[in-house]
Amino acid sequence: MSANRPFILSIAGFDPSGGAGVLADIKTFEQHSLIGFAILTANTIQTENEFLDIQWIDLSYVIRSVETLFERYKINAVKIGIVPSLHYLNRILSTIKLLSPSTQIVWDPVLRSTTKFEFMSIEDRLNLNKIVSKIDLITPNYNEIELLFPGLTQHQLRMQNEVSSAILLKGGHNPLAIGTDRLFLKDEIIDLLPSEKKCFEKHGSGCVLSAAIASNLALDQTLQEACKNAKTYIEKYLSSTSTLTGYHYVP
């Protein structure tokens, strides 16, 4: 099967309010002129400002879905969202790498909700680096990076090769320069500065940003280009309304 638009996949949770998870990812994919697929890791009961419950999807069901899509389509990029464990994540990553080694993977490590609901705990820190080495980019915020790699300075994260994947440290909680993202590559750190747009907090903004980066990678942009252009996209989204829900725009 062929198509003019590249294929991209979201493996994430379902948020019925549409601001986060696969619904937000699919909206982002469509605005980037991609054909988007989605596989659920979880069903949730929530709104844009309240999280009530979650029901995880059985891992074997997720893996069967991944295998089915990859056996039929050439998927350029995958965005992964909430998962309940490192084991769950590792099985997904290993399956993708086995079926399509060239597919680029972005993981938004949503470890807990803004209402403090815990999605995932790091139960096997010894294997964490080995697992994330299968990922092209992870996109934590300042709270998540401390949970993933406690005690490491930002310089150590990249320059001492503590993490083998690239990291985009989101700047929404940057204590020194609010809105400045830091892209940690193998040999350099690149600051992505905010624009002059007036931005407002949004439910699911991390989902949208990581989906925009994955979209740009699916369009054959370099990682640096993908992150830079995704920052422009998310700032338009954040400035679209003053509420917790936003509007998507064609980039």
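The Cβ shell under 13 Å around Pro16 holds other residues with a net charge of -4, Lys and Arg each +1, Asp and Glu each -1.
For Ile39, the amide hydrogen comes within under 5 Å of the amide hydrogens of Ser10, Ile11, Ala12, counting only partners 5 or more places away or on other chains and with H modelled in the peptide plane. Remark: for residue pairs Lys27/Lys186; Lys170/Lys236; Lys134/Lys236; Lys186/Lys231; Lys27/Lys228; Lys134/Lys197, the C-alpha separation exceeds 26 Å in Lys27/Lys186; Lys134/Lys236; Lys134/Lys197. Amide H contacts under 5 Å for Asn141: Lys170, restricted to partners 5 or more places along the chain or on a different chain, H placed in the peptide plane at 1.01 Å from N.
Taking θ as phi - 60° and the Karplus parameters 6.51, -1.76 and 1.60, the scalar couplings of the stretch 56-69 work out to 6, 8, 4, 4, 4, 5, 5, 5, 4, 5, 4, 4, 4, 6 Hz in sequence order, x denoting glycine and proline. Projecting label points 7 angstrom from Cα along Cα→Cβ for Leu147 and Asp187 puts them 3.5 nm apart. Rolling a 1.4 angstrom probe over the stretch 37-123 with all protein chains present gives an accessible area of which 49% lies on carbon and sulfur atoms.
Under 19 Å from a label point set 7 Å out along the Cα-to-Cβ vector of Lys74, the amide N atoms of the stretch 84-107 belong to 96-105.
The values are calculated or read from the model by the stated rules, or taken from the named source; none is laboratory data. Source: prediction; values computed, not measured. Backbone-built Cβ (ideal geometry, glycine too); neighbour counts: all protein chains shown. When the accessible area is computed, the model is the full protein with side chains, heavy atoms only, and any ligands, DNA or RNA have been set aside. Shrake-Rupley method; radii C 1.70, N 1.55, O 1.52, S 1.80 Å.
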